[in-house]
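Just so it is clear, none of the values below were taken in a lab; they were calculated from the coordinates. Note that the structure is predicted; figures quoted are calculated from it, not measured. Every residue, glycine as well, gets a Cβ built from its backbone with ideal geometry; the counts of neighbours run over all protein chains shown.
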Amino acid sequence: MDRLRDRVFPVVAILLVIVAAWYAFAVYMNAPFQRDLDRRAGLTPGTVEFIGKTLSQPKPTMPAPHQVAQNFFENTFLRKVTSARSLVYHSWVTLSSTLLGFTFGTALGILIAVGIVHVIALDRSLMPWIIASQTIPILAVAPMIIVVLAAIGVTGLIPKALISTYLSFFPVAVGMVKGLRSPDLMHLDLMHTYNASKSQTFWKLRVPASVPFLFASMKVAVAASLVGAIVGELPTGAVAGIGAKLLAGSYYSQTIDMWAALVAGSVVAALLVVLVGFVGRLVERSMGGRPA
Amino acid sequence: MLMTVNQATATSVERNAVVEARQLGLTFQTNDGPVRALSDVNLTINKGEFVSFIGPSGCGKTTFLRVIADLEQPTEGTISINGMTPEQARQARAYGYVFQAAALFPWRTIENNVGLPLEIIGLSKAEQQARIKRTMDLVNLTGFEKKYPWQLSGGMQQRASIARALAFDADLLLMDEPFGALDEIVRDHLNEQLLRLWRQTNKTICFVTHSIPEAVYLSTRIVVMSPRPGRVTDVIESTLPAERPLDIRESPEFLAIAARVRDGLRAGHSYED
């Protein structure tokens, strides 16, 4: 009951505000085209009828929520998952490269962080480059990666995944540097008094201390991976995936399809973030975390 | 250096000394210029002694303990632990160190915290278990093996950290204001337990505190220190009997020693601004 009042109610309230604003905006955006249509057809509909028409155009400038919801529902639940129109199919294509890229990115991020924490030369030289790498617009880099890799014969899942890697290693590297350096001086002194080796200090102190940082940055990284995978589908002429769906929708002015694909993308992102958070909580609990 | 160590070994055997400091000095280089944390410290701590270091903050008592533990390097003089340099002593795991805070690893259960140094030394699982059990008994924490640190009170956490320092059975125990953050009642209780533990184990204990009653109650010898530069101003032998109930602290003998400690602190200008 408390959960309903404290968590569900506020979220639902905001959702209702957004949906209401969305409807108002849809009417406003679609009205000029509708007026044009009506004028040519010589129709003079009443206000209510006019609003109804603006919300049911087949290719609206701004689709109404119920149009998107209907499209999303049909293409998610009513189609075979192998169908090229199924959002589940497209989500799966994007998800697979997201997960591969995320795995690469997390591994690379951890590796970089370990290097930065242990090698002074890397500590001084690497960070500016890592930060610079993220200031380059991914949309500019993505086609080059695809083209270069295709030239050396790497095509398919890997190039897309590498773009996800490019976006997702950064939060993990930054978070893990912080995490591996998070043990306080007293704990480090303690290990020193035991004459612990560097690797013992690493495995028994630095790694466990960095776990909360890892999961916090993995949450950011997994969302960035998904963005990377979608962006990676745009310049590749991919025929499947949420990015491809978005691109195809924009070619043919299928705005409802585009919005439905966007919704599918955000559902996947939300699921991924929730999943990482859930695994994080499980790990924290197994490490004796105080239940919140 | 080798010469000094050999000489120290020779004298240590004669006097049964555990810690020997000669003209020890330590100057920290800070951004505001050099700070003399320790100056001309001459001190011998013999086996089985309970020595307290007392003085205001900045008198170098913690620094001296950290020098023994090889956590700071002296800039002048010599110091030997069991006839070895601090570094050798640390590598030989000659001491256990108890910090101001319990410093338990929050992701380890109490028994795994106590077992941490044993894992690092590389003892067998069975030996680890046996020692964990023994030291947990010693600090009255039996039954809390599977708990995590946050599930224990501050006093119990500090007891666990003492158990951890005792676990690998070094003869020397270095304690840096271990009860400083605890309330008076818990502190009294832990003082009593620490004395009992010291008698049972026959260890040498160096104990840093800024509480006069605590120093007098626990120690066989009290080293009074004063700041700027950190130095030893007085060394007081306790005349109290080995058996010390808590109410010994109201006895005239106890109060006389406490008064002498206070005098020592005053002589070192510890009460001035």
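Computed over the Cα atoms of segment A:140-285, what is the convex hull's projected area averaged over all directions, in nm²?
Across all orientations, segment A:140-285 yields a mean hull projection of 11.4 nm².
With θ taken as phi - 60° and the coefficients 6.51, -1.76 and 1.60, list the Karplus ³J(HN,Hα) couplings across segment A:209-224 in order, rounded to whole Hz; mark glycine and proline as x.
Working through the residues one at a time gives 5, 8, 4, x, 5, 4, 5, 4, 7, 5, 4, 5, 5, 5, 5, 5 Hz.
Dividing the convex hull volume of the Cα atoms of segment A:75-188 by its residue count, what figure in Å³ per residue is obtained?
Cα-based convex hull of segment A:75-188, divided per residue, equals 144 Å³.
Who wins for biggest fluctuation among B:Val216, B:Val186, B:Val224 in a Gaussian network model of chain B, springs between alpha carbons below 10 Å?
B:Val186
Out of all Cα-Cα pairs in segment A:2-62, roughly what percent, to the nearest whole number, are more than 15 Å apart?
58
For a quick check, take a GNM of chain A with Cα springs below 10 Å and name the residue from A:Gly101, A:Gly46, A:Gly277 with the largest mean-square fluctuation.
Comparing A:Gly101, A:Gly46, A:Gly277 in the GNM, the peak value goes to A:Gly46.
With 10 Å bins from zero, work out the P(r) of segment B:24-99 over every alpha carbon pair and list the percent per bin.
Pair shares across the bins are 17, 51, 27, 4, 0.
In straight Cα distance, which lysines are under 16 Å from A:Lys219, not counting same-chain residues fewer than 8 positions off?
Cα-Cα hits under 16 Å: A:Lys178.
How large is the Kirkwood hydrodynamic radius of segment B:119-199, in angstrom, based on all distinct alpha carbon pairs?
13.5
Can you work out the Karplus-derived ³J(HN,Hα) for every residue in segment A:32-38? Use 6.51 cos²θ - 1.76 cosθ + 1.60 with θ = phi - 60°, whole Hz, and x for glycine or proline.
Values per residue, Gly and Pro as x: x, 5, 5, 4, 4, 4, 4 Hz.
Using every pair of alpha-carbon atoms in segment A:1-157, split the distances into 10 Å bins beginning at 0 and state the percent of pairs per bin, rounded to integers.
8, 17, 20, 24, 18, 9, 3, 1
Can you give the FRET efficiency for A:Leu188 and A:Val274, using 1/(1 + (r/R0)^6), R0 = 35 Å, r = Cβ-Cβ distance, to the nearest 0.05?
That pair, A:Leu188 with A:Val274, gives E of 0.50.
To make sure I understand the rule: partners must be lysines, Cα under 19 Å from the Cα of A:Lys59, and not fewer than 8 residues away in the same chain. Which ones qualify?
Leaving aside lysines fewer than 8 places away in the same chain, those within reach of A:Lys59 are A:Lys245.
Could you let me know the centre-to-centre spacing of segment A:188-217 and segment B:189-211, using Cα atoms, in angstrom?
30
What is the set of long-range amide H partners of A:Arg85 at a cut-off below 5 Å, with H atoms built 1.01 Å from backbone N?
Hits under the 5 Å cutoff: none.
Please state, to two decimals, what the Cα-based radius of gyration of segment A:62-135 comes to when divided by 2.2 N^0.38 Å (N = residues).
Working it through for segment A:62-135, the quotient is 1.85.
Straight distance only, please: which lysines reach the Cα of B:Lys146 with their own Cα at less than 19 Å, same-chain residues fewer than 8 apart left out?
The qualifying lysines are A:Lys204, B:Lys125, B:Lys133.
Helix-only estimate, please: 222 nm mean residue ellipticity of the protein assembly as shown, summing -39500 (n - 2.57) across DSSP H runs of length 4 or more and dividing by its residues, to the nearest 500.
One gets -19500 deg cm²/dmol as the mean residue ellipticity at 222 nm.
With no solvent and one equal point scatterer placed on each C-alpha of chain A, evaluate the Debye formula and give log10 I(q)/I(0) for q = 0.14 Å⁻¹, two decimals.
Evaluating at q = 0.14 Å⁻¹ gives log10 I(q)/I(0) of -1.12.
For the protein assembly as shown, give me the percentage of DSSP beta bridges that are antiparallel, rounded to the nearest 5 percent.
Counting only bridges with both partners in the protein assembly as shown, antiparallel ones make up about 55 percent.
Could you run the Debye sum over the Cα atoms of chain B, one equal point scatterer each and no solvent, and tell me log10 of I(q)/I(0) at q = 0.07 Å⁻¹, two decimals?
Log10 of I(q)/I(0), two decimals: -0.25.
Could you give me D for the protein assembly as shown, from Stokes-Einstein at 25 °C and 0.890 mPa s, where the hydrodynamic radius is the Kirkwood radius over C-alpha pairs? Units µm² s⁻¹, please.
Using the Kirkwood radius from Cα pairs, D works out to 84 µm²/s.
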